[in-house]
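Engineer: Encoded as structure tokens, here's the structure I'll be asking about.
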Amino acid sequence: MHRRNLLRYGAFGLAAAALGPTLGTRRALSAREAATIESCAVHPAIGVARVGDSPDGWFLGPEVPGPPVVPDGGYKDARGRVKRQAARFRVYGYDRDGALVGEVTADRAAIGWSVHLANGKAAWYDFDEALDIPAAMGLPPAPLVAPSTPLRSARRNASIVDRASLRIDPGLREIGGASVNADGGDPGLRLDGGSFLGTAVSLGELRTDAAGRLLVLGGHGVSAPAIPGMLANTFANNDLWHDDTADGPVAATVWIDGRQVPTTGGWVVVAPPNYAPGIQSVVTWRSQALYGSPGAYVKYGVPEYAVAPLIGGMSTR
């Protein structure tokens, strides 16, 4: 994942939690309300889907802050396989002053979605530390702390000359309308076509719900080496291995009463399963975006003695 892109999209949606009370019920926009919409935005700004090995079991991921609602039947199917978590994306309309008008759905607008998921980890650098934090760049990590040597991470799979063969990229997919690909069986909406060193890898599929909202379902938790029998010897930097996690941009094209409305897109992250969904993190992504270094925490009033444990538990990767 490109952290700068993630934070660029995330900065737009830091206040998205304020929309929480509107997510449970949907009131159709009136024609008068729709006419006042001057811009739209995709919410959430960053949506999280999760892989799972259940062939057809899935559930909607959390959409509001707080403890998640346990899906019907639990997080696993009848055979104990982990269900995939789908990320659902909506469009909200705003008036000329930036005030929220309401959710824009397929009964009032024509909404076209486009998603471009990819997994380029194997063609990137070794996972040592985020390359854009002060310590990695050789800057002082906090006030009164000496700068460190800039981080120099090695390339993953450095011996592979054809770097494109390491990148799993099925290309852009588009979908629009209500209840499209409801059973997930449309091959044109599967995120297939990407490969890792010649081995085909699927990254999931796209669907829409009855209101035309986008559903992104990721892969089935497949991780394997290019050479059969090759063992993984670290949690992060295993050359010649791949998995089916991914991330990428989500865009929407919105037409209301024959006029196209400018729309700010979002981002989707397909992550591993959340094996402890009831446990809430001490540090939120919002905190990471605003206070992403020890020095920033101190600047905004967090006592210095409390900074180390906070930073130690943070990760956007």
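Quick note: the coordinates plus some simple rules give every number you see, no bench work behind them. Source: prediction; values computed, not measured. As a convention, Cβ positions derive from the backbone with ideal geometry for all residues, glycine included, and neighbour counts pool all protein chains shown.
Engineer: Residue by residue through the stretch 52-58, what is 3J(HN,Hα) from phi via Karplus (6.51 cos²θ - 1.76 cosθ + 1.60, θ = phi - 60°)? Round to whole Hz and write x for glycine and proline.
Structural biologist: Computed from phi, the couplings for the stretch 52-58 are x, 8, 5, x, 9, x, 7 Hz.
Engineer: Is the C-alpha gyration tensor of the stretch 71-143 telling us rounded, prolate or oblate? Criteria: a/c under 1.5 is rounded; beyond that, a/b larger than b/c is prolate, otherwise oblate.
Structural biologist: oblate
Engineer: Residues with amide H under 5 Å of Gly102's amide H, sequence separation 5 or more or different chain, H placed in the peptide plane at 1.01 Å from N; which?
Structural biologist: Placed amide hydrogens put Gly93 under 5 Å from Gly102.
Engineer: Moving to a separate point now. Across the stretch 197-204, in residue order, what do the Karplus-derived ³J(HN,Hα) couplings come to in whole Hz, using 6.51 cos²θ - 1.76 cosθ + 1.60 with θ = phi - 60° and x for Gly and Pro?
Structural biologist: Each residue of the stretch 197-204 in turn: 6, x, 9, 5, 9, 8, 9, x Hz.
Engineer: Out of the chymotrypsin sites (Phe, Trp or Tyr not before Pro) in the stretch 97-154, which ones are loop residues according to DSSP with at most 15 other C-beta atoms within 10 Å?
Structural biologist: Here the chymotrypsin sites (Phe, Trp or Tyr not before Pro) that fit, given the DSSP loop and packing criteria, are Phe127.
Engineer: Return the whole-Å distance between the Cα centroid of the stretch 119-174 and the Cα centroid of the stretch 66-105.
Structural biologist: First find each Cα centre; the distance between them is then 31 Å.
Engineer: Amide H to amide H under 5 Å from Leu60: which residues, 5+ apart in sequence or cross-chain, H placed 1.01 Å off N in plane?
Structural biologist: Ala86
Engineer: Also, quick follow-up: Is the C-alpha gyration tensor of the stretch 130-228 telling us rounded, prolate or oblate? Criteria: a/c under 1.5 is rounded; beyond that, a/b larger than b/c is prolate, otherwise oblate.
Structural biologist: Judged from the Cα gyration tensor, the stretch 130-228 comes out oblate (a/c at least 1.5, b/c at or above a/b).
Engineer: Short version: ³J(HN,Hα) in whole Hz for each residue of the stretch 79-90, in order, from phi by Karplus 6.51 cos²θ - 1.76 cosθ + 1.60 (θ = phi - 60°), x for Gly and Pro, what are they?
Structural biologist: Karplus values, whole Hz, x for Gly and Pro: 9, x, 8, 6, 6, 6, 9, 8, 9, 9, 10, 10.
Engineer: Between Asn233 and Asp56, what's the calculated FRET efficiency when r is the beta-carbon distance and R0 is 51 Å? Round to 0.05.
Structural biologist: 0.90
Engineer: Could you sort 139-146, 29-36, 196-203 so that the peptide with the highest average Cβ count within 10 Å comes first and the rest follow in order?
Structural biologist: So the order, starting with the most tightly packed, is 196-203, 29-36, 139-146.
Engineer: Relative to the Cα centre, what is the charge dipole magnitude of the stretch 169-280, using +1 at the beta carbon of each Lys and Arg, -1 at the beta carbon of each Asp and Glu, and rounding to the nearest 20 debye?
Structural biologist: Dipole about the Cα centre, nearest 20: 200 debye.
Engineer: Could you order peptides 229-235, 47-53, 93-99 by the average number of other Cβ atoms within 10 Å of their residues, highest first?
Structural biologist: Ranking, from highest mean packing down: 47-53, 93-99, 229-235.
Engineer: For Val268, enumerate residues with amide H under 5 Å from its amide H, sequence gap 5+ or separate chain, H modeled in the peptide plane.
Structural biologist: Excluding prolines and chain starts, which carry no amide H, the hits are Gly47, Gly248, Val250.
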